Amino acid sequence: MVEAAKLLSQSDTAALLPALVPIPEGWFLMGCNSGQDNERPVHRVWVDDFLLAACQVTNADYARFLRDTRSLPPPCWNRTGSMNGVMRSAATR
C-alpha cells in the first residue's frame with residue numbers, strides 16, 4: 001500500500017485515509033460455548049492497543065482505492081467489484 005500511496009498527491013492520499021479510533025489494550029472474552037469447535041470454549045485474550053477505522057469501507061470505496069492507486073485487486077475480488085462470498089448489501093451500507 002505504501003507504493004500505491006506514492007502514486008497519489010499528498011491531498012489525494014489524505015482523502016483516502018479513514019478516521020481512526022484508538023482501541024485501548026486489555027483483556028476480552030473471545031469465543032462461544034455453543035458455537036463451532038474452533039470457537040469453543042469462551043476464553044480470555046489480551047489485545048494490545050490499536051487503531052480501528054471509525055467506519056466500514058464499502059465495496060465502492062475499495063474499488064475507488066484500487067483504481068486510484070493502480071493496485072491489483074486481491075484474488076477474492078470478482079469482476080462485479082465485490083468480494084466473493086460477501087453479501088453485497090452488507091458490504092455497501
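Computed extension gain for residue 17 through residue 45, at 0.36 nm per residue and net of the alpha carbon distance, reaches 7.2 nm. The modelled label-to-label distance between residue 76 and residue 55, using points 7 Å beyond Cα along the C-beta direction, is 2.3 nm.
Since every read-out is calculated from the coordinates, none of them should be taken as a lab result. Just so we're clear, the structure is a prediction, and the values are computed from it rather than from any experiment. Reconstructed Cβ throughout: ideal geometry from the backbone, glycine too, with neighbour counts over all protein chains shown.
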